[in-house]
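K.L.:
Okay, handing you the structure first.
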Amino acid sequence: LEDFYINRFGRRLYSLFFEDYTAKLWGRHPAEISPDWGAQRVRGESIRAICRDIYDKYTRRPGRQVETSLIEAFRYPKLGPGELWEITADEIEKLGGTIFKNSRVTGLRKEGSRLCGLAFERDGAETTLEGEYIISSMPVRDLVAGMNDVPEEIRQIASGLPYRDCITVGVLTSRLTLKNETDIPTIGDIVPDNWVYVQDASVHMGRFQIYNNWSPYMVGDPAHTVWLGLEYFCTEGDALWSMTDEAFGRMAVAEMLKLGLVESSDDVLDFHVERVKKAYPAYFGTYDRMDKLRDWLSGIENLYCVGRNGQHRYNNMDHSMCTAFEAVRAILEGSADKSALWNVNTEETYHESYSARS
């Protein structure tokens, strides 16, 4: 990955923007990580592409093509991404479907080349279900670990897939010291950014987001307060993960002061800590043998692996939804070919217009 970034952006920009941030995200130096991650996240980005985009933007060139990382506008749910899944859940139940919440899958029964059912635990009781098809978005490592009749090599590859976990500290503040020096209007005249990446190696914070700019409807009083989401990358069980919410919140506020996001801790009105396990599938460990694992999973006739963790691929939400579309398409068409699912987010184009062909 280090070579990938240096080839694209040069050593100077690599050391300024990518080296320390990538080490924060993955907990290891870029030289120890597969270049596949960069190819997915940076796409066709390069110094040349950035200069071309700036020129095309200001000359208003017709048919301007924008690289993924430079997209300036997109659709966003009024009340955040969770609104999509709340509406989806409502529709499923209206159509007669049943959703088992607060449940943990404990095993999957495999017979030959098919999965016949699964067991799950809910409120201390274990229940089994049978089904014609299983669409899985659970981590591949857990999926394989829960199956019977798995070849030892496949089990070993799956168990060696690593993940990074994430802690987000939501901080409500009365103001930000960052000034809006652009011509982009915002409520309260705050900076217009959605996400800001923190390359500074002297703080644990990896990036922060400004919820007001995602959607002002997510904030109770967007004219006078700002909700920030401070993001920390860690591994379950390490020192950061093991901190109490109170201690983590105090550390996060101290880092906000160090970075100059607020003038005083008195500006902080409230905070809330959320931990997310397996937020980022990592491209090291046994990832170099992922193709063999993918082929084996694709050979299970009625199993369809979708989403970021379901495919152990650093997909965005739109890519993850595309894999689900492809799974449904294959089921409806009676196709045993799973390649379309696994080919999402492997080409150099963006999927924002996917709904047009769906």
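K.L.:
Going down the table (101/278; 110/292; 179/277; 78/338; 258/278), which pairs top 24 Å between alpha carbons?
P.N.:
The answer is 179/277; 78/338; 258/278.
K.L.:
Restrict the search to segment 148-216; then list the trypsin sites (Lys or Arg not before Pro) that DSSP places in a loop and that have at most 10 other Cβ atoms within 10 Å of their Cβ.
P.N.:
Sites meeting the loop and neighbour criteria: 179.
K.L.:
Next up: Pick out which of 267, 90, 200 has the largest mean-square fluctuation in a Gaussian network model of the chain, springs linking Cα atoms closer than 10 Å.
P.N.:
90
K.L.:
For residue 130 and residue 75, calculate 0.36 nm times their separation in residues minus their Cα-Cα distance, and state this gained length in nm to one decimal.
P.N.:
Gain on extension, residue 130 to residue 75, equals 16.1 nm.
K.L.:
If you take the charge dipole of the chain about its Cα centre, with +1 on Lys and Arg Cβ and -1 on Asp and Glu Cβ, which of 249, 239, 30 is farthest toward its positive end?
P.N.:
30
K.L.:
Taking θ as phi - 60°, what are the ³J(HN,Hα) couplings along segment 170-184 by the Karplus curve (6.51, -1.76, 1.60), each to the nearest whole Hz, with x for Gly and Pro?
P.N.:
x, 10, 9, 10, 6, 6, 10, 7, 5, 9, 7, 9, 10, 9, 8
K.L.:
Could you grab the relative contact order for the chain? Cα pairs under 8 Å, six or more apart, rounded to a whole percent.
P.N.:
Numbers: 540 pairs, mean separation 69.8, N = 358.
After rounding, I find 20 percent.
K.L.:
Which residues' amide hydrogens lie under 5 Å from the amide hydrogen of residue 163, considering only partners 5 or more residues apart or on another chain, with H built in the peptide plane?
P.N.:
For residue 163, whose amide H was placed from the backbone, the distant partners under 5 Å are 282.
K.L.:
According to a simple spin-label model (label point 7 Å from Cα along Cα-to-Cβ), what is the distance in nm between residue 138 and residue 331?
P.N.:
1.7
K.L.:
I'd like the FRET efficiency for residue 289 and residue 12, computed as 1/(1 + (r/R0)^6) with the beta carbon distance as r and R0 of 25 Å, rounded to 0.05.
P.N.:
Working: r = 35 Å, r/R0 = 1.39.
In this case the efficiency is close to 0.10.
K.L.:
On to the next question. For the chain, with a Gaussian network of springs between Cα atoms less than 10 Å apart, report the residue from 225, 182, 286 with the top mean-square fluctuation.
P.N.:
Taking springs between Cα atoms under 10 Å, the residue moving most is 182.
K.L.:
Within segment 147-171, whose backbone N sits under 15 Å from a point 7 Å along Cα→Cβ of residue 296?
P.N.:
147-162
K.L.:
Less than 12 Å from a label point 7 Å out along the Cα-to-Cβ axis of residue 102: which backbone N atoms in segment 114-130 qualify, by residue?
P.N.:
Only 122-125 pass the distance filter.
K.L.:
Ok, one more. Got a sec to turn the phi values of segment 74-86 into Karplus ³J(HN,Hα) couplings, 6.51 cos²θ - 1.76 cosθ + 1.60 with θ = phi - 60°, whole Hz, x for Gly and Pro?
P.N.:
After applying 6.51 cos²θ - 1.76 cosθ + 1.60, I find 7, 7, 9, x, 3, 10, x, x, x, 4, 4, 7, 5 Hz.
K.L.:
How large, in percent, is the carbon and sulfur part of the accessible surface of the chain at a probe radius of 1.4 Å?
P.N.:
In the chain, the share of accessible area belonging to carbon and sulfur is 51 percent.
K.L.:
Which longest uninterrupted range of the chain lacks any chymotrypsin sites (Phe, Trp or Tyr not before Pro) assigned by DSSP to a loop state (not H, G, I, E or B) and surrounded by at most 11 other Cβ atoms within 10 Å?
P.N.:
Here the longest run is 101-358.
K.L.:
Just to be sure I understand, if you calculate log10 I(q)/I(0) by the Debye sum over Cα atoms at q = 0.10 Å⁻¹ for this structure, which of (i) -0.59; (ii) -0.66; (iii) -0.76 do you get?
P.N.:
(iii)
K.L.:
For residue 338, which sequence-distant residues (separation of 5 or more, or a different chain) have an amide H within less than 5 Å of its own amide H, given hydrogens modelled in the peptide plane?
P.N.:
Correct list: empty.
K.L.:
Taking Cα centroids, how far is segment 1-33 from segment 110-128 in Å?
P.N.:
Result: 42 Å between the Cα centres.
K.L.:
Once both labels are modelled 7 Å past Cα along the beta-carbon direction, what's the residue 196-residue 236 spacing in nm?
P.N.:
3.3
K.L.:
Ok, one more. Rounded to the nearest 500, what is the 222 nm mean residue ellipticity of the chain from helices alone, with -39500 (n - 2.57) per DSSP H run of 4+ residues and division by all residues?
P.N.:
Working: 14 runs with 125 residues, N = 358.
Helix contribution divided over all residues of the chain: -10000 deg cm²/dmol.
K.L.:
Still on this structure: Counting heavy atoms of the protein chains only and a 1.4 Å probe, report the per residue accessible area for the chain as a whole number of Å².
P.N.:
54
K.L.:
Could you calculate the contour length gain from residue 346 to residue 94, that is, 0.36 nm times the residue separation minus the distance between their Cα atoms, to one decimal place in nm?
P.N.:
Extra length available between residue 346 and residue 94 comes to 87.2 nm.
The values are calculated or read from the model by the stated rules, or taken from the named source; none is laboratory data. The model shown is predicted, which means the values in this text are computed figures rather than measured ones. Ideal geometry is used to build each Cβ from the backbone, glycine not excepted, and the neighbour counts take in all protein chains shown. Side chains are part of the model used for accessible areas, which takes the heavy atoms of the whole protein and leaves out ligands, DNA and RNA. Shrake-Rupley method; radii C 1.70, N 1.55, O 1.52, S 1.80 Å.
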